[in-house]
Amino acid sequence: MKLIGYPSELMQVLINIFNNARDILEEKDLPKKYLLISMSKTSTHVIIKVYDNAGGISKDHLSCIFDPYFTTKHKAQGTGIGLYMSKEMIEKHMKGSLTASNRSFDVDGTEYIGACFTISLPYN
């Protein structure tokens, strides 16, 4: 399988999503903290999903997390440009899509709820 795009940009997008998940998980007092990554493919796309169990993104913020300069972090911690640039890289440079939603997932029979970032990339 050969993805269309730039490996270093995909790595930067994943690191940004991982760092955001780590930041919110560190803020939460949870008995178990998960970052789950899944990959699948369709006949035309590779799908990468990154889940966390931090409770999800508030409905008020979900529609604007990819907007430039939008952040829920203190100004010393974030500029609000990371997810915006991630979406730009995936959609404009790699002809894919990057979306966010709140989803539940299962680990060892226990259901968790959190954010799910979905990257869809075309391949040859």
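Side notes on the structure shown:
- Any hit, the stretch 35-42, residues being touching a helix residue (DSSP H, G or I) at 6+ places or on another chain (Cβ under 8 Å), closer than 28 Å to D108 by Cα and surrounded by 14 or more Cβ atoms within 10 Å (Cβ to Cβ): yes
- The stretch 43-62, subset polar (S, T, N, Q) and either within 30 Å of G109 (Cβ to Cβ) or within 14 Å of the chain's Cα centre (by Cα) (or both), residue surrounded by the most Cβ atoms within 10 Å (Cβ to Cβ): N53
- For the stretch 3-34, the candidate set comprises residues that are of a type in the set (D, E, K, R) and under 17 Å from the mean Cα position of the chain (by Cα); within that set, the residue that is farthest from V107 (Cα to Cα) is E9.
- Taking the criterion of being free of Cβ contacts under 8 Å to residues at least 24 places away in the same chain, closer than 17 Å to S120 by Cα and not small (G, A, S), the residues of the stretch 17-67 that qualify are I37, M39, T42.
- L98 within 15 Å of the chain's Cα centre (by Cα), surrounded by 13 or more Cβ atoms within 10 Å (Cβ to Cβ) and more than 16 Å from P122 (Cβ to Cβ): no
- The set of residues in the stretch 49-72 that are over 14 Å from A115 (Cβ atoms) and among the β-branched types (V, I, T) contains only T71.
- Checking each residue in the stretch 63-119 for being modelled with pLDDT of 95 or more and touching a Gly at 6+ places or on another chain (Cβ under 6 Å) picks out I90, N102, I113, G114, A115.
The values are calculated or read from the model by the stated rules, or taken from the named source; none is laboratory data. If you're wondering where the values come from, they're calculated on a predicted model, not measured in any experiment. Counting neighbours? That spans all protein chains shown, and the Cβs are built from the backbone with ideal geometry, glycine included.
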